[in-house]
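Single-structure report; data block below.
The values are calculated or read from the model by the stated rules, or taken from the named source; none is laboratory data. As the structure is a computational prediction, the values presented were derived from the model and not from experiment. Don't worry about glycine lacking a Cβ; one is built from the backbone with ideal geometry, like all the others, and counts go over all protein chains shown. Only protein heavy atoms, including side chains, enter the accessible area calculation; ligands, DNA and RNA are left aside. Shrake-Rupley method; radii C 1.70, N 1.55, O 1.52, S 1.80 Å.
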Amino acid sequence: MVSSNSTIDRRDSASLDHWNRNTHMYGRDFELSSLSAAFSRTIARYATDAKSEVVLVSGMSGTGKTFFVKNGMAEIMSSSSGFYASGKCAQLEQNHPYSCVVDLFTSLCNRVSEEEKEMPSCKIRSGIRQSLQADDCFILSGLIPKIGEMLDLSTTSTTDSQNNENLHSSGKEQHACVLRSLRRFVRAVASWGTVVLFLDDLQWIDEASLD
């Protein structure tokens, strides 16, 4: 979870349709309270140390972990502004570096675009683009095409496209550049509202995304 002082007005419950909240949870009061406490701590701490928080949700298969996080965060964030995004780690994608990251950040881009459509006066995408450096835009658009689309970045040249393929290598320097750019992107989004990122089926995460 990453938070910031938001410039987006609070939304009423009708604007939460994108979370598809249509079923109440029973018997999860303690877990929901723990999740809410983590969310509140993140908001309270971000103003002073800009640190995020990680929450792990464990349990047997089929016990409703995904449902709990999705609907729990919808309830927790119903009275605050922010962006909830989710990505899924797939067993068959474990050998594909950053596969979980691509899925997660594609979801985040969709949420940002939806938010701006709901509130066109907030130039969120242009604000995010201005917060990023040129190399961040190059790295992120090469790794996650949806970011390039959302930020309306120009198509890279043939040479640049070839260089983008190297982002998927295991080189420490390339990996460090990717992590740096991803952090800057999240901070840029967080300047417009609290960011909650949910990775599902973490047991299948690829090594690059785990970092």
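Going by the conditions given, is residue 59 under 18 Å from residue 204 (Cβ atoms) and in contact with a Lys or Arg (Cβ under 8 Å, 6 or more places away or on another chain)? Talk me through it step by step, then tell me what you get.
Values: under 18 Å from residue 204 (Cβ atoms): yes; in contact with a Lys or Arg (Cβ under 8 Å, 6 or more places away or on another chain): yes.
When the stated conditions are applied, residue 59 passes them.
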(request) Identify the single condition in (1) at pLDDT 90 or above; (2) among the hydroxyl-bearing types (Ser, Thr, Tyr); (3) open to solvent by 80 Å² or more (accessible area, probe 1.4 Å) that residue 181 does not satisfy, given that it satisfies every other one. (result) (3)
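Can you confirm whether residue 46 is open to solvent by less than 30 Å² (accessible area, probe 1.4 Å) and among the aromatic types (Phe, Trp, Tyr)?
Details: open to solvent by less than 30 Å² (accessible area, probe 1.4 Å): no; among the aromatic types (Phe, Trp, Tyr): yes.
No; evaluated as a whole, the condition is false for this residue.
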(request) Starting from residues that are within 23 Å of residue 117 (Cβ to Cβ) and at pLDDT below 90, keep the ones in the stretch 49-84 and report whichever is most open to solvent (accessible area, probe 1.4 Å). (result) 79
(request) Considering only the stretch 91-129, state which residues are under 15 Å from residue 183 (Cα atoms) and either open to solvent by 60 Å² or more (accessible area, probe 1.4 Å) or of a type in the set (A, V, I, L, M) (or both). (result) 101, 102, 104, 108, 128, 129
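Conditions (1) under 16 Å from the mean Cα position of the chain (by Cα); (2) more than 24 Å from residue 208 (Cα to Cα); (3) not in a helix (DSSP H, G or I), marked per residue:
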site	(1), (2), (3)
34	no, yes, no
40	no, yes, no
55	yes, no, yes
77	yes, yes, no
86	yes, no, yes
104	yes, no, no
109	yes, no, no
121	no, yes, yes
130	no, yes, no
(request) Looking only at the stretch 152-174, decide whether some residue is at pLDDT 90 or above and not hydrophobic (A, V, I, L, M, F, W, C). (result) no
(message) I'd like to verify a number: residues in the stretch 57-95 that are touching a residue at least 60 places away in the same chain (Cβ under 8 Å) and either in contact with a helix residue (DSSP H, G or I) (Cβ under 8 Å, 6 or more places away or on another chain) or of a type in the set (Gly, Ala, Ser) (or both), how many?
(response) 20
